[in-house]
1. For THR31, THR3, THR448, THR182, what ranking results if the residue with the fewest other Cβ atoms within 10 Å of its Cβ goes first?
2. Place a +1 charge on the Cβ of each Lys and Arg in the range 58-308 and a -1 charge on the Cβ of each Asp and Glu, then give the dipole magnitude about the Cα centre in debye, rounded to the nearest 20.
3. Excluding residues on the same chain fewer than 8 positions from LYS442, give the aspartates and glutamates whose Cα lies under 20 Å from its Cα.
4. Which of LYS91/LYS256; LYS429/LYS453; LYS255/LYS429 have a Cα-Cα distance over 25 Å?
5. With a ≥ b ≥ c the root eigenvalues of the C-alpha gyration tensor of the range 202-328, is it rounded (a/c under 1.5), prolate (a/b larger than b/c) or oblate?
6. Under 5 Å between amide hydrogens, which residues at least 5 positions from ASP213 or on another chain qualify, with H placed 1.01 Å from N in the peptide plane?
7. I'd like the FRET efficiency for GLN276 and SER70, computed as 1/(1 + (r/R0)^6) with the beta carbon distance as r and R0 of 30 Å, rounded to 0.05.
8. Multiply the residue gap between ALA433 and SER235 by 0.36 nm, knock off their C-alpha separation, and tell me the result in nm, one decimal place.
Amino acid sequence: MKTIIEPFRIKSVEPIRLTTREERQQHLAATGYNLFGLPSEAVLIDLLTDSGTGAMSSLQWAAVMRGDESYAGSPSFYRFEAAVKNLMPFKHVIPTHQGRAAEAILFSIFGGAGRRIPSNTHFDTTRGNIEASGAIGDDLVIAEGKDPRSEHPFKGDMDLERLEAYLQQHAAEVPLVMITITNNAGGGQPVSLANIRAVAELAHRHGKPFVIDGCRFAENAWFIKSREPGQGGRSIEDIVRDCFSVADGMTMSAKKDAFGNIGGWLALNDDGLAEQARQHLIRTEGFPTYGGLAGRDLDALAQGLAEIVDEDYLRYRIRTNAYIVERLDAMGIPVVKPAGGHAVFVDARAWLSHIAPLQYPGQALAVALYETGGIRSCEIGTVMFGRQPDGSEKPAAMDLVRLAFPRRTYTQSHADYVVEVFEEVAVAKDRLAGYRIVSEPKLMRHFTCRFEKL
Ligand code: F0G
């Protein structure tokens with residue numbers, strides 16, 4: 001069969017309601033055109049994030065009932081730990097309430113003033129935790145990874161030459177080497193198995209531990225299977241195990257590729273470091289057999305990990321994005337290509353070229369998608385990154401709009417609807433106005449700042 005269908009049927013539904021354009025305009029005015037401020041009932045298709053927004057399966061809901069809420073030694077923890085170790089062969093698995101909590105623990109050990117941590121591209125919370133510790137985060141993705149039009153199959157790869165030079169130059173300052181799979185901040189682009197192995201080898205040759213931010217590990221493994229020479233005949237589980245077996249640790253947001261609504265973990269091989277991490281965990285998250293989660297969450301994650309490596313699911317998952325990217329591309333809308341794993345990224349600076357970067361073309365597009373069709377997306381550009389530490393403002397490297405797809409939540413007709421909304425926006429796009437910011441907090445302004453239409 002040619003059609004790649006949703007490999008599930010629907011047992012429980014959650015109604016969504018189409019508001020009128022006037023209602024949406026009122027909501028926009030009330031929230032100062034900041035989509036983070038919208039009540040989610042006023043959103044029809046919510047593509048703000050793929051984090052914690054996926055649908056759990058019937059077996060996950062059954063696992064929730066099985067959850068054991070004992071403070072210490074819960075069997076839910078041991079089922080969770082076994083499910084993680086089945087895919088990622090680390091010696092110590094430390095549960096946290098979400099990914100950034102794992103990062104905070106990791107950098108309480110490895111961070112600190114005078115240190116530098118390289119990665120392909122650190123996600124915002126990873127960078128935030130590195131910088132909060134006094135250290136510096138550096139992004140060393142390959143050049144193709146920053147070119148929205150490059151069709152390189154692994155645009156998330158680390159630039160090995162730059163990493164080698166970096167490790168020589170900063171030998172004393174680097175406590176570990178990281179890589180993010182897939183590269184979320186770089187468009188959800190994958191990292192090849194060859195690159196993961198080469199980065200591990202380089203890190204180890206320089207005596208540095210290698211840690212993977214594994215949030216979207218299954219999507220990354222699907223890209224390895226479908227694009228990397230010699231990997232096509234292998235199972236997703238085998239590819240995942242290969243990726244993590246060369247690492248010394250990982251951080252994870254289980255709100256992505258573990259089908260969780262909440263959860264995360266830090267995994268490590270070294271006994272001493274794991275002991276230090278558990279001490280921190282007890283102080284900030286909870287006892288090591290629950291770590292900030294309920295027993296029922298741990299059981300839901302154990303089941304989610306068994307489901308996420310299913311090839312029918314991954315084929316459908318990756319196809320949804322590719323389908324929308326193909327349709328938008330055919331309409332002449334500049335999109336990041338090839339399609340990433342969890343989201344479609346539109347190059348708003350190129351599409352709305354009449355809006356200057358400091359008048360936020362990404363925000364203008366995100367607001368237009370909501371006003372036109374009730375779709376919530378996310379600006380990833382000058383609003384998010386434009387404010388500099390010295391208080392000045394400059395255009396971000398790119399002005400993108402991200403449409404991130406919750407897992408197993410929307411169907412093909414929702415995808416077609418998204419394309420139709422773009423068609424309608426395209427008709428009036430040259431008349432869209434830019435914005436100016438009228439109030440903003442000191443840090444992470446995109447969450448709460450307010451805008452005025454120009
Ligand atoms: N690392 C990556 C690559 C991420 O994408 C995220 C979260 C985190 C770490 C932090 O995990 O949210 O569980 O604390 N990304 C979400 C997003 C928020 O929308 O991309 P968390």
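FYI, it's all coordinate maths here, none of it is from the lab. Just so we're clear, the structure is a prediction, and the values are computed from it rather than from any experiment. Backbone-built Cβ (ideal geometry, glycine too); neighbour counts: all protein chains shown.
1. Ranking THR31, THR3, THR448, THR182 by Cβ neighbours within 10 Å, fewest first, gives THR3, THR448, THR31, THR182.
2. 180 debye
3. Partners within reach: ASP124, GLU131, GLU379, ASP390, GLU393, GLU452.
4. In this structure, LYS255/LYS429 lie more than 25 Å apart at Cα.
5. In terms of gyration-tensor shape, oblate.
6. Those lying under 5 Å, H to H, from ASP213 are ILE179, THR180, ILE181, THR251.
7. The pair GLN276/SER70 has a calculated efficiency of 0.75.
8. So the extension gain works out to 66.4 nm.
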